[in-house]
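Chemist: The structure is given below, and queries will be raised subsequently.
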Amino acid sequence: AYELLRDALDEYDRALQHMPARIVIHKSSHFRDSERKGFLRALDEKGIRAKDFVAITDTDIRLFGDGDYPPKRGTMLSITETEGLLYTRGTVDFYKTYPGAYVPKPLKITVYEQDSSLESLCEEILGLTKMNWNNTQMDGRLPITLECARKIGDIMKYVSPAEKPQVSYSFYM
């Protein structure tokens, strides 16, 4: 975790000539303590203080509304200050219906390191679900951060450990 983030930040600095003011790490599984410590060490070394470590996972919990349709896209239920449910798919007011074929499942949002509010983090995640420009769907279930990571991971499994992977995103499109 330490080397991964350190190397990514070094590449960012090389490209833009400065460090980011804030780091948000999205993960599709829970953060292990060793990962958190490694990420925190890399951020501390680079002088980055604003950070949020967010696990975005599946849940079996469903919410039901008063009407015939599922909850609205963007509905967020706060369970604690660091846990909540977020509907990234759901009823859309503009269409006055739910545009999906199945009952939508919310995402479980768990924050492990937090400098932003749960509500702000959920707003960011919701916005990032609409950023896949390779898709005509108006709402993705997962944020582009996880979608891209998954697709790049599918390609990287074919890169030998002896090869230095390309850092430009265009190689993975």
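Nothing in this text is a laboratory measurement; each read-out follows from the coordinates by a stated rule. Fair warning: this is a prediction, and the values are worked out from it, not measured in the lab. Quick reminder, even Gly has a Cβ in these numbers, built from the backbone with ideal geometry, and neighbours come from all protein chains shown.
Chemist: Looking for whichever is without any contact (Cβ under 8 Å) to a residue 12 or more places away in the chain and surrounded by 15 or more Cβ atoms within 10 Å (Cβ to Cβ) here; the options are Lys105, Lys130. Which one fits?
Modeler: On the way: Lys105 fails: without any contact (Cβ under 8 Å) to a residue 12 or more places away in the chain.
Result: Lys130 is the single residue among Lys105, Lys130 that is without any contact (Cβ under 8 Å) to a residue 12 or more places away in the chain and surrounded by 15 or more Cβ atoms within 10 Å (Cβ to Cβ).
Chemist: Determine whether Glu113 is in contact with a Phe, Trp or Tyr (Cβ under 7 Å, 6 or more places away or on another chain), of a type outside the set (S, T, N, Q) and surrounded by fewer than 19 Cβ atoms within 10 Å (Cβ to Cβ). I'd like the intermediate steps shown before the answer.
Modeler: On the way: in contact with a Phe, Trp or Tyr (Cβ under 7 Å, 6 or more places away or on another chain): yes; of a type outside the set (S, T, N, Q): yes; surrounded by fewer than 19 Cβ atoms within 10 Å (Cβ to Cβ): yes.
Judged against the criteria, Glu113 is a match.
Rundown of residues vs (1) on the phi > 0 side of the Ramachandran plot; (2) buried (at least 17 other Cβ atoms within 10 Å of the Cβ); (3) outside any helix (DSSP H, G or I), yes/no style:
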| position | (1), (2), (3) |
| --- | --- |
| Thr80 | no, no, yes |
| Leu85 | no, yes, yes |
| Thr88 | no, yes, yes |
| Leu121 | no, yes, no |
| Leu126 | no, yes, no |
| Lys151 | no, no, no |
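Chemist: Would you pick out the residues in the stretch 78-131 that are of a type in the set (A, V, I, L, M, F, W, C) and touching a Cys at 6+ places or on another chain (Cβ under 8 Å)? It would help to see each step written out before you state the result.
Modeler: Narrowing the stretch 78-131 to residues of a type in the set (A, V, I, L, M, F, W, C): 79, 85-86, 92, 94, 101, 103, 107, 109, 111, 118, 121-122, 125-126, 128, 131.
Leu86, Ile109, listed by residue number.
Chemist: Considering only the stretch 21-75, state which residues are surrounded by fewer than 17 Cβ atoms within 10 Å (Cβ to Cβ), of a type in the set (A, V, I, L, M) and under 19 Å from Asp139 (Cβ atoms).
Modeler: Leu63
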